[in-house]
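Data block below; observations after.
The values are calculated or read from the model by the stated rules, or taken from the named source; none is laboratory data. Predicted, not measured: the structure shown is a model, and the values here were computed from it. Cβ sites come from the backbone with ideal geometry, for glycine too, and all protein chains shown count toward neighbours. All accessible areas refer to the heavy atoms of the entire protein, side chains included, with ligands and DNA or RNA removed. Shrake-Rupley method; radii C 1.70, N 1.55, O 1.52, S 1.80 Å.
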Amino acid sequence: MSSKRAQDESGATGRKKKKRSSSSVEAVELCGAVEEEEVKTAVKEAWSSRTHYSKGDLELDCSPFPHCIIKNFLSSQTFVENLQRELLELNFNEKSNDLYKFKQSDDLKKRKEPHIAATRAALFGRFRSWLGDVLGVELEPTVDISCAKYEYTDVLLCHDDELEGRRVAFILYLVPPWQSSDGGSLDLYSTDGNFQPESIAKSLVPSWNTLVLFEVSPVSFHQVSEVLSQDKCRLSLSGWFHGPSLERPPRFKEPSILKHPHLPRDETVLFEWINPLYLDISYQEQIQTEFEDSSEIQLKDFLKEEKFREVSEALRQTRIQWMKRGPPNKRCYESASLDSLPECVSACWELLRSEAFFLLLSNFTGLHLHFLCPADEEDEEKEDDAEEGEVAGTSAESSSSTAAADDGGRKPSTPVCCGEVRRWSHGSYTLLHDAEAAQAEYALDLILPFGCADWQTEFGGLTCYVANEEDEELLTVYPEDNSLALVYRDKETLKFVKHVNHKSSRVDSSTCREFYDFSFVYYE
């Protein structure tokens, strides 16, 4: 596909090459409201003053951000049916990453099917001119349009559409009779004082031959909610009108995650909790050899069976206070308040933060997470990458800092960690984002799942590792009961948790499956 953008879209190619002829293009009339000068003037005034306006099939609403809904956008029912038929005959490509899962056609800017060509010409011809007058800006002739099919469990998560040159986003729905219970709504988010999305303020249910458009801005956060219908297809034409971008304030930077040194616990805690197999020195050497080859390993049956069962049952207790983690353009899952954890869950948390466990991880991985771990030549190359985050609770009396030898005159760093107990259920996910890439460090990730005995891959909830600015997945960690996953990542490796979809709902009831995990990150 060519990367050059079309400079004009005022007609369609005729039968004879290099000649344009209107005879090959189907006639298409737009909604009467768009053709009325009086309506255009009223919409322009309302958009400028951020007030509500409605007349006939056209409605402008400015909450939570300006958006316009035009029903019966194309005036001929027969034309729309033929347009739908042509679109369904296109080839569609599966699109899937951290943000979305759906099927998309190739770019439609050069398609010659008569109804597609006519719709494209009307959108980027007469309607672009009308929209430019409404906004009071000169929109470019750039054609940016494709077709999308969303079917069962397909989704497009929270984002703002901002990309250089995009000024107005549009969606033309070509769907069967649709209800809110079918999912697939266009959800518009409210934002806080830092221009971060907060919650869904309005949901627009798709309807046949309805055009929705909104100005792309720092607050235009929206999503396509997961399609819940198993037999309907959410078909739409969508794209952007290009023009001068709106001014964007500086991006909000989240506070650094608090990092902690180890807790002073000796090896007794390991013998109490961990499968004796993993405490055998010769077996630890085997694990380290395998880990150094692949930078990742999964240790099955890691905790003693009775300890694992005790924690699994305790995590289901109602006394635990679960807090929703956001904002939704970065993450959506629940994290436990540490003060509310049952005693055995808190003890497991302390195990993973203990000095003895830091040393065990050093033996598993060869990383310098404890002063007793022998120094490695690569330590010289990493220079204090973990120093960026704030370290809480560091003590001058810490055994790591007092016993660590001077390494060539360089001040030794104190290994630290951060972690949380998480609950994953329908609708949970994490996303890649620019701030995460900018703050990426060398780190060891630990994931220890609970309650996922009947969890299936198709439900989502998988932890995926990708190279920065690349879509191809390097590694996927599947939730598996009592299987400790360790993954070492460099500055160019990012991770996300795949959206937990509706398939996780139980067939025999209205409840959804859920699982839990301890998620820790360790820094040398």
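Quick notes on this structure:
- Loop-located GluC sites (Glu not before Pro) in the stretch 176-269 (DSSP state not H, G, I, E or B) with no more than 11 neighbouring Cβ atoms inside 10 Å: E247.
- Here the stretch 83-97 and the stretch 279-300 have alpha carbon centers that stand 46 Å from each other.
- Loop-resident GluC sites (Glu not before Pro) (DSSP state other than H, G, I, E or B) in the stretch 82-158 with no more than 14 further Cβ atoms inside 10 Å of their Cβ: E89, E138.
- Expressed as a whole percent, the accessible surface of the chain that belongs to carbon and sulfur atoms is 46, based on a 1.4 Å probe.
- Proximity of backbone amide H atoms, modeled 1.01 Å from N, is registered between V137 and no other residue at under 5 Å, excluding neighbours fewer than 5 places apart on the same chain.
- Whether the stretch 99-177 is rounded, prolate or oblate, judged on the alpha carbon gyration tensor where a/c under 1.5 counts as rounded: oblate
- In this structure the amide hydrogen of H242, modeled in the peptide plane, comes within under 5 Å of the amide hydrogens of E140, T142, R167, none closer than 5 places in sequence on its chain.
- The stretch 434-484: relative contact order as a whole-number percent, Cα under 8 Å and 6+ apart: 42 percent
- Beyond 32 Å in Cα-Cα separation lie the following of the pairs K71/K101; K300/K324; K112/K202: K112/K202.
- Rounded Å value of the spacing that divides the Cα centres of the stretch 26-69 and the stretch 454-493: 46 Å
- Angle in degrees between helix 343-353 and the longest Cα principal axis of the chain, rounded to the nearest 10: 90 degrees
- For the stretch 160-229: rounded, prolate or oblate by the Cα gyration tensor [a/c cutoff 1.5]: oblate
- Annotation for T457 and S63: the two label points, set 7 Å from Cα along the Cα-Cβ direction, are 4.7 nm apart.
- 3J(HN,Hα) along the stretch 422-435, derived from phi through the Karplus expression 6.51 cos²θ - 1.76 cosθ + 1.60 where θ = phi - 60°, amounts to 10, 10, 10, 8, 3, x, 7, 5, 10, 10, 6, 8, 4, 5 Hz, with x in place of Gly and Pro.
- Qualifying chymotrypsin sites (Phe, Trp or Tyr not before Pro) for the stretch 146-254 [loop in DSSP, other Cβ within 10 Å: at most 14]: F252
- Under a 5 Å amide H cut-off, with hydrogens placed 1.01 Å from N, N209 pairs with Y173, L174, V175 among residues at least 5 apart or on other chains.
- FRET E, pair S48, S245, Förster distance 22 Å, beta-carbon r, rounded to 0.05: 0.75
- In the chain, taking the dipole from charged Cβ atoms about the Cα centre, the farthest positive-side position among W178, G32, L484 is held by G32.
- Phi-based couplings in Hz for the stretch 218-227 (Karplus 6.51, -1.76, 1.60; Gly and Pro marked x): x, 10, 7, 6, 7, 8, 9, 5, 4, 6
- Shape call, the stretch 78-140: gyration tensor on alpha carbons, a/c limit 1.5: oblate
- Cβ-placed point charges (K, R +1; D, E -1), dipole of the chain about Cα centre in debye, nearest 20: 3380 debye
- Scoring 429-439, 487-497, 65-75, 283-293 by mean Cβ neighbours within 10 Å over their residues and listing the highest first yields 65-75, 487-497, 429-439, 283-293.
- Dipole in debye (nearest 20) - the stretch 31-163, about Cα centre, beta carbon charges: Lys, Arg +1; Asp, Glu -1: 300 debye
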